[in-house]
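Reading through the structure tokens given below for one structure.
The values are calculated or read from the model by the stated rules, or taken from the named source; none is laboratory data. Note that the structure is a prediction, hence the values are computed from the model and not measured. Cβ sites come from the backbone with ideal geometry, for glycine too, and all protein chains shown count toward neighbours. Note: accessible area is taken over every heavy atom of the protein model, side chains too, but ligands, DNA and RNA are not part of it. Shrake-Rupley method; radii C 1.70, N 1.55, O 1.52, S 1.80 Å.
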Amino acid sequence: MSQGILNAREVKHLYQKCCTACEVAIGDAAALGQFVITINSNIRPFNMEIKKGIDEVDGKQHYGLVNLAETAISRLASDYSANEMELFKKMIDVIVHSDHGSVSSIDVLNLTDQLDKKMTKDAAEDLMDQMQKQKWIKQNNGEIVLSVRTLVELDQYLRETYEELLLLCNICKQICLQGDKCDNCDTKFHLCCAARYFRGKHTPKCPGCQRSWPHSIPDTTVQQNTSPAKQTNDTTVHQNTLREKRSNGTTHTVPDAVPDAVPDAIMDAVPDAQPRRRSTRSTRSGQSS
């Protein structure tokens, strides 16, 4: 988990590597789910836990190793200077207060004028590039959003700092910065969650107030599996590895490869990044940096 956050496909590949290294047969998706449960039961005494979060851009689930004993914001302080952390917090503040859950890179550069200690625009650009490489933010066409790693690891910080401002997705119950909100109440959906919830409903209504849903229903389908050729190649590689082990005196069955996507029903055992439910949203008020 040194990469900070892994998507379902990467989790599957890591699981396959573990099975190969330990010379045990690769199980199905249920076995993978149990594998994660076993890991969590063994690392919780050390205040560690694998948690899952949703990528607000593509709707794919990711899994990260979270330290329960300290907040990620305090760990970031050891990787970034106080000045860089101040800019990052201001960036988060603008994103949370925005209606669309993003901030332009130009606006972030302008935030350097509000820092206690001067930072050049070039230094700010370098910081944004570094934070993207480390998967804390995502940049696309000049817009910056918080990555799934930030939403998972900084979940507690975000909820405590913006308790009266943040809304949770009505479906996945995770922080929803990018999505559609009802015009009449505080019900909000990630686009991928809205597509799933309203699928097949001819007259979509808000589940909170029962008024007509004011937004068009997203036609989003997250690609859960790779192509059959890719899956076949993965299986072949693993089978060849196991055959080499059998030639050295080790024998066991070669099962089918685990699907790239981990079914929600299986991975529900992995805790979401949500320590508690927030109170009802009140009027927007400025948050201290």
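For this structure, a couple of remarks:
- Residue within the stretch 234-248 that is of a type in the set (Val, Ile, Thr), open to solvent by less than 40 Å² (accessible area, probe 1.4 Å) and at pLDDT 90 or above present: no
- Of all residues in the stretch 167-191 being of a type in the set (Lys, Arg) and closer than 19 Å to Arg211 by Cβ, the one that is surrounded by the most Cβ atoms within 10 Å (Cβ to Cβ): Lys188
- Selection status of Asp116, among the acidic types (Asp, Glu), in a loop (DSSP other than H, G, I, E, B), touching a residue at least 12 places away in the same chain (Cβ under 8 Å) and more than 30 Å from Asp219 (Cα to Cα): yes
- A residue that is out of contact with any Ser or Thr (no Cβ under 9 Å at 6 or more places or on another chain), part of a strand (DSSP E or B) and under 22 Å from Arg159 (Cβ atoms) cannot be found anywhere in the stretch 83-92.
- Count of residues meeting criterion [at pLDDT 90 or above and not β-branched (Val, Ile, Thr)] in the stretch 22-43: 3
- Meets criteria (crowded, with 17+ Cβ neighbours inside 10 Å and at pLDDT 90 or above) for Arg211: no
- Cβ-Cβ distances below 8 Å connect no pair with a first residue in the stretch 81-93 that is in contact (Cβ under 8 Å) with a residue 12 or more places away in the chain and open to solvent by 30 Å² or more (accessible area, probe 1.4 Å), a second residue that is assigned to a helix (DSSP H, G or I) and acidic (Asp, Glu), and a separation of six or more residues or different chains.
- Odd one out for Tyr15, checked against (1) over 24 Å from Lys173 (Cα atoms); (2) among the hydroxyl-bearing types (Ser, Thr, Tyr); (3) surrounded by fewer than 18 Cβ atoms within 10 Å (Cβ to Cβ): (3)
- For the stretch 106-155, the candidate set comprises residues that are more than 21 Å from Cys176 (Cα to Cα) and hydroxyl-bearing (Ser, Thr, Tyr); within that set, the residue that is surrounded by the most Cβ atoms within 10 Å (Cβ to Cβ) is Thr112.
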